[in-house]
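Structure first, then comments.
The values are calculated or read from the model by the stated rules, or taken from the named source; none is laboratory data. Just so it is clear, the model here is predicted, and its values are computed rather than measured. We place every Cβ from the backbone using ideal geometry, glycine too, and count neighbours over all the protein chains shown. For accessibility, only protein heavy atoms count, side chains too; no ligands or nucleic acids. Shrake-Rupley method; radii C 1.70, N 1.55, O 1.52, S 1.80 Å.
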Amino acid sequence: MAVWFNSWTFLITATTIVSGCLAERAAFEAYLAYTPLMAGAVFPLAVHWAFNGWLSDIPCSFIDFAGGSTVHLLGGAAGLAAALLAGPRLGRFDEGRE
């Protein structure tokens, strides 16, 4: 149960990184769409690669202490992709407004 809880907290952290990148740009339905996709397919695949897959087979080149780099790299990459798809915040940086 402890391993499951640890993995669950890292998954939640990765999805909240994406929600921070989408602040004021996405509707609630977007969160409902990407969270199951990330939880069911993207995150398990990345964790498998890091700890049991091809990244773990490379000698002395990938070291992930406690899953931190996997969580932040995955969350940041997904957040960047989502922010690029969503575009800029509307009305946030209009001319003449500070």
- Query: What are the pairs, 6+ residues apart or on separate chains, where a residue within the stretch 54-74 that is of a type in the set (S, T, N, Q) has its Cβ under 8 Å from a residue that is open to solvent by 50 Å² or more (accessible area, probe 1.4 Å) and outside any helix (DSSP H, G or I)?
  - Reply: SER56/PHE62
- Message: Out of ALA27, ALA78, ALA82, I need the residue that is farther than 18 Å from ILE12 by Cα and aliphatic (A, V, I, L, M). Which one?
- Response: ALA27
- How many residues does the stretch 3-19 hold that are at pLDDT 90 or above and small (Gly, Ala, Ser)? 2
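Residues checked against (1) surrounded by 12 or more Cβ atoms within 10 Å (Cβ to Cβ); (2) not small (Gly, Ala, Ser):
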residue	(1), (2)
SER7	yes, no
ALA14	yes, no
GLU24	no, yes
GLU29	no, yes
MET38	yes, yes
ALA46	yes, no
GLY53	yes, no
PHE62	yes, yes
GLY68	no, no
